[in-house]
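Please read the structure below before turning to the comments.
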Amino acid sequence: GVAGGVCGAGLGTLAANALAVGARTLLPVRLDIGVNVGACAWGVGLGVAAALAAAALPLLELARLKPLAVFRGEGLGAPRTWPALAAASVIAAVFTVVAVIEARSYPVGGGIAAGVIVGGIALALIARIALPALAWLRVLMPAFGARHGLANLTRAGFRPVGSVVAIGLSALLFGTLATYRASLEHELDPGTADARPSLFVLDLQADQREEFRALLAAAGSTREPIISPMISARFVPPKPVTETAVLTREQERDRFFRTREQNLSYRDELGSDERIVAGRWLDPTRDEASVEENFAERLGVRLGDVITFDVQGVPISAIITSLRAVRWVGMKPNFFVLLSPHLLENAPQILIAAVMQLPKGRKAAVQASLAARFPNLTVFDVEEAAVRVQVVVGQILNAVRVMGLFALAAGLAGLLGLGFATARARREDAVLLKTIGATPATLALSLTVEFAALGGLSAVLGLALSVLLVDLAITRPNHIALAVPWSTLTWLAVAVMVACVLTGLAACRRVFSAKPSELLRTV
């Protein structure tokens with residue numbers, strides 16, 4: 001563990017410096033050049049912890065190994081159930097703590113740990129069913145090498161389930177990134193978002209509203225712009241908030257949302273990108289508020305609470321009667337907090353507007369006309385903003401994809417370990433097969449089929465779980481339509497399978513040179 005940690009810290013430092021110099025445009029943040037001693041020490045500590053965790057269950061198996069079993073060539077016995085469960089629980093707890101520390105967030109770190117643990121258990125359970133099913137297919141194979149390779153999937157002592165879990169988790173990570181990116185790009189694609197505005201306008205004055213509408217109608221806009229008032233205010237906490245010296249990511253975010261300048265608004269009915277998830281819509285005759293569901297959680301308020309804002313020195317209070325889910329990617333004028341109209345009608349305000357779909361080729365002309373007629377306006381091209389969002393998200397995913405390569409490398413290292421651990425048994429097989437007439441091509445076919453089946457099964461299971469994960473944890477909570485990139489996932493599956501075959505052949509290369517005389521001398 002120490003040796004691996006030191007090597008990993010050195011290679012990680014070199015990789016980080018290389019990225020800082022050669023990939024500045026591909027990453028969303030600027031990396032500093034140098035050596036972070038604290039990070040290196042942390043890496044070595046993680047290496048030691050990983051080595052101890054990897055050794056725990058095999059040591060429990062060794063504890064039950066009888067001396068005579070060694071001379072008889074018997075395998076290790078299964079560990080006792082309760083000690084094995086206790087060791088696995090300690091490993092899972094340590095992994096969760098590390099994830100929380102790395103993410104600096106209890107929900108994020110705990111969610112990552114839970115995802116890995118649950119995903120690993122799911123992969124292991126499915127693999128225990130799928131591997132025998134794949135092995136059964138050998139009856140359909142005409143070539144002996146293919147039948148032998150599939151039979152190895154259930155051979156005692158080869159333990160392919162661990163390889164399926166390790167490689168499947170790396171495939172899950174790559175599939176999650178690909179599916180999330182495809183879903184977001186589909187949502188932001190101008191060709192598939194007819195309801196998205198063409199332009200977004202800030203600082204429209206009340207006396208400019210009618211002339212603004214007339215200019216858009218003259219430019220060929222067939223839909224009314226969505227105009228909403230916006231009032232600046234400060235949130236007044238119901239009681240003082242005590243904060244610790246060290247804040248988690250969520251605490252920092254919540255503090256930012258509590259202390260920043262808030263933008264309030266009012267309207268007579270729900271917008272097209274909103275829906276009520278709890279409570280009822282505002283009664284215009286009462287002092288009521290409707291709050292976006294996630295924002296309510298950040299402020300620490302809920303349905304029935306009284307919420308207070310300071311609007312330029314004037315306190316305004318309202319009872320929360322509804323929580324809303326908002327589809328923010330629609331890029332229409334939406335707000336975290338809506339109040340009953342009579343509470344804000346007389347407050348100082350500006351108007352913001354969403355100019356709906358303009359005729360093709362007229363956007364630039366309309367922008368020029370708005371700038372000439374209303375110099376006070378700030379006009380944003382929504383399509384250009386969507387492209388910028390895609391670029392930033394792409395940079396973030398590039399950074400995560402680099403981590404995915406390390407995860408895949410770890411999975412392939414586990415596959416190498418499987419090849420090395422079963423090297424003697426495989427050489428014995430090779431000698432026996434050669435004795436009865438097998439050729440190197442037969443051996444190569446056997447290994448290729450075995451590791452292709454492992455890699456293919458791992459990739460399919462991991463990618464399938466990634467689509468389910470994106471649907472349940474990302475797209476649905478954020479009200480984004482799921483888009484599955486079938487072609488990308490197919491290429492990923494093929495790439496993972498090819499990598500597994502090449503790794504397996506490399507790990508078992510001595511099979512091809514095994515000679516009966518050499519093997520007999522080691523017996």
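The values are calculated or read from the model by the stated rules, or taken from the named source; none is laboratory data. Computed from a predicted model, the values in this text were never measured in an experiment. Cβ placement follows ideal geometry from the backbone for every residue including glycine, while neighbour counts extend to all protein chains displayed. We work out accessible area using only protein heavy atoms, side chains counted, and drop any ligands, DNA or RNA first. Shrake-Rupley method; radii C 1.70, N 1.55, O 1.52, S 1.80 Å.
A few points about this structure:
- Unit charges on C-beta of K, R, D, E only; dipole of segment 125-196, Debye: 680 debye
- Crossing angle, helix 37-62 versus the chain [Cα axis fit, 0-90 degrees, rounded to tens]: 50 degrees
- Carbon and sulfur %, accessible surface of the chain computed with the full protein complex present, 1.4 Å: 65 percent
- Descending Cα extents along the principal axes, segment 39-160, whole Å: 55, 38, 30
- These residues, Glu185, Glu261, Glu450, Glu61, go from largest to smallest accessible area, 1.4 Å probe, as Glu261, Glu185, Glu61, Glu450.
- Acute angle (nearest 10 degrees) that the helix 209-218 long axis makes with the longest principal axis of the chain, alpha-carbon atoms: 70 degrees
- Assuming charge only on the beta carbon of Lys and Arg (+1) and of Asp and Glu (-1), the dipole of segment 320-427 about its Cα centre is about 680 debye to the nearest 20.
- Whole-number percent relative contact order across the chain, with pairs defined as alpha carbons under 8 Å at least 6 apart: 21 percent
- The alpha carbon convex hull volume per residue for segment 392-480 rounds to 117 Å³.
- Residue ranking by accessible heavy-atom surface, 1.4 Å probe, largest first, among Lys332, Lys239 comes out as Lys239, Lys332.
- Base-10 log of normalised Debye intensity for segment 265-409 (one unit scatterer per alpha-carbon) at q = 0.21 Å⁻¹: -1.23
- Debye intensity ratio in log₁₀ form over the Cα atoms of the chain, taken at each q of 0.05, 0.09 Å⁻¹: -0.32, -0.85
- 0 to 90° range, to nearest 10: angle between helix 2-22 axis and the chain longest Cα axis: 40 degrees
- Listed peptides 30-37, 110-117 by packing density, highest first (mean Cβ within 10 Å): 110-117, 30-37
- The residue among Ala407, Ala430, Ser340 whose Cα reaches farthest toward the positive pole of the charge dipole of segment 313-434, with charges on the beta-carbon of Lys, Arg, Asp and Glu, is Ala430.
- Per residue, segment 447-515 exposes 46 Å² of solvent-accessible protein surface, assessed with a 1.4 angstrom probe and all protein chains in place.
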